[in-house]
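Notes to accompany the following structure.
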Amino acid sequence: HRTGGPVIHALETRDILGKLVSFPSVSEASNLGMIDWIVDYLEARGFSCHRVPDATGTKAGVFASLPARADGGVLLSAHTDVVPVKGQDWATDPFDLTETDGRLYGRGAADMKGFLACMLTAADKASRMALSHPLKLAISYDEEVGCRGIAEMIGHLDTTIGQPRLCIVGEPTSMQLVVGHKGKTAMRATCRGRAGHSSQAPEFVNALHLATDFVAAIRRLQEEIRVAGPKDPAYGVPHSTLHVGRLHGGVALNIVPDAAEIELEFRHLADDPPADMVERIREAAERISAEARRVDPESGIDLNVVSAYPGLDTPADSDAIKTVSGHLTSRAVRKVDFGTEAGFFAASGVPTVVCGPGSITVAHKPDEFVERSQLDECDAFLEHLITDTLA
């Protein structure tokens with residue numbers, strides 16, 4: 001079902017952002033209404049659009065190109081989903097863009113509908129130019145829950161719009177050039193014990209004891225990484241990190257718990273292979289399981305990877321850095337602690353950098369905002385980039 005009809009008339013970036021914010025596209029909800037509006041907008045301007053639906057059919061991403069499929073050109077990338085607002089105390093309606101003192105408030109204004117709005121403004125301007133090289137757009141879903149959308153979409157890049165010369169992922173960096181970030185692997189450990197009366201606790205396998213033994217093993221691995229693992233001084237925390245975020249289990253104090261669950265993550269430097277650490281974590285789980293099976297053969301720890309995205313480490317001599325940095329006001333080049341979808345494009349062979357309006361320090365918080373001046377700066381940056389490299 002399509003809503004609203006073609007969007008042909010020119011819109012300012014602020015108006016586009018207001019429309020995008022009005023779609024409550026939290027990761028747990030469908031984004032199809034927003035995707036319909038974006039596709040109408042792009043097709044009305046001559047873009048060739050290729051939807052990439054998720055397995056449920058309730059979400060979709062888009063690859064778009066002007067002109068139609070061709071190798072080369074510049075790819076601009078953004079995600080449509082935002083984090084929830086439930087439990088947050090907002091001064092304004094988070095899904096109704098509000099401007100005050102040069103700041104535009106709304107969920108996703110910084111992360112990252114601000115850049116998406118600039119992308120669509122750039123698309124409108126490009127549609128009125130004679131391009132020698134294509135402008136390409138990647139618009140994804142489920143970035144906020146482990147970059148799941150782009151992981152499913154990336155395999156369709158070649159067959160839809162073709163490989164670009166370079167990619168810019170517009171996460172909020174205050175319009176500074178970012179050339180690196182850590183990757184992440186999220187895991188779930190399910191601990192299986194045997195329930196029984198607590199007065200006979202030694203006769204049973206306590207799943208929470210398995211869990212705490214496993215957490216202790218994770219902490220030992222983290223210390224090994226800190227001492228002997230690879231380092232990159234460009235990061236605030238210069239090494240890879242292991243972190244347990246959730247642990248729950250048990251029913252009552254006088255019952256030996258038969259189940260417990262742990263959620264953990266490994267954030268790694270781009271050149272620190274996650275598969276090696278995942279294997280070390282599995283070995284730790286198996287050692288603890290083997291000990292537990294001496295009491296109960298059915299007990300143990302099951303370990304599953306929930307989601308993963310690669311890190312980014314764009315070489316200093318990359319064409320993407322040279323091309324993009326020449327059009328930015330700021331000459332700063334840095335690496336960031338938060339993850340993006342950029343690693344997927346880089347892993348597919350596309351030189352990739354991260355640069356966009358807004359600050360990560362306000363993302364995911366109540367009263368999230370982007371400075372109007374940052375949107376203006378991004379608009380000017382993209383216009384100059386397109387004029388100099390594509391026209």
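The values are calculated or read from the model by the stated rules, or taken from the named source; none is laboratory data. Owing to the predicted nature of the structure, the values given are computational and were not obtained by experimental measurement. Cβ placement follows ideal geometry from the backbone for every residue including glycine, while neighbour counts extend to all protein chains displayed. Side chains are part of the model used for accessible areas, which takes the heavy atoms of the whole protein and leaves out ligands, DNA and RNA. Shrake-Rupley method; radii C 1.70, N 1.55, O 1.52, S 1.80 Å.
Which number gives the lysine pairs in the range 43-136 that have C-alpha atoms under 20 Å apart and are eight or more places apart or on different chains?
5
Against the longest alpha carbon principal axis of the chain, how many degrees, from 0 to 90 and to the nearest 10, is the axis of helix 372-389 turned?
For 372-389 against the chain, the angle is about 70 degrees.
Using alpha-carbon positions, what is the distance between the centroids of the range 215-241 and the range 244-266, in Å?
25 Å
Give the distance, in whole Å, between the Cα centre of the range 131-147 and the Cα centre of the range 299-314.
23 Å
What aspartates and glutamates could a cross-link reach from residue 231, if we take a straight Cα to Cα line under 20 Å and drop same-chain neighbours fewer than 8 places away?
223, 265, 271, 272, 276, 313, 337
Of the labelled options (i) 23.5, 81; (ii) 24.9, 79; (iii) 20.6, 68, which one gives Rg and Dmax of the Cα atoms in Å as computed for this structure?
Recomputing Rg and Dmax of the Cα atoms in Å here picks out (i).
What Kirkwood hydrodynamic radius, in Å, does the range 55-201 give when the mean of 1/r is taken over all pairs of distinct Cα atoms and then inverted?
Result for the range 55-201 stands at 18.4 Å.
Please report the relative contact order for the range 138-218, taking Cα pairs under 8 Å with a sequence separation of at least 6, and give it as a percent rounded to a whole number.
Normalised by residue count, the contact order of the range 138-218 is 14 percent.
Among DSSP beta bridges lying fully in the chain, give the percent that are antiparallel, nearest 5.
If I count the DSSP bridges inside the chain, around 75 percent turn out antiparallel.
Using a 1.4 angstrom probe, figure out how much accessible area the chain has per residue, in square angstrom, rounded to the nearest whole.
That works out to 43 Å² for each residue.
What is the packing order of peptides 242-253, 276-287, 125-136, taking the mean over residues of other C-beta atoms within 10 Å and listing the highest first?
125-136, 276-287, 242-253
Where nothing but the Cβ of Lys and Arg (+1) and of Asp and Glu (-1) is charged, how large is the charge dipole of the range 50-135 around its Cα centre, in debye to the nearest 20?
Value, rounded to 20: 360 debye.
How far is helix 13-22 tilted off the main Cα axis of the chain, in degrees rounded to 10, range 0 to 90?
Rounded to the nearest ten degrees, it is 40.
In the chain, what percent of the accessible surface is made up of carbon and sulfur (1.4 Å probe, ligands and nucleic acids excluded)?
On the chain, the fraction of accessible area on carbon and sulfur atoms equals 52 percent.
Between residue 198 and residue 275, what FRET efficiency comes out of the Förster formula 1/(1 + (r/R0)^6) with R0 = 25 Å and r the beta carbon distance, rounded to 0.05?
Computed FRET efficiency for residue 275 and residue 198: 0.05.
Once the Cβ-Cβ distance between residue 15 and residue 90 is put in as r, and R0 is 25 Å, what FRET efficiency do you end up with, to the nearest 0.05?
It comes to 0.70.
What is the antiparallel percent of DSSP beta bridges lying wholly in the range 1-144, to the nearest 5?
65 percent
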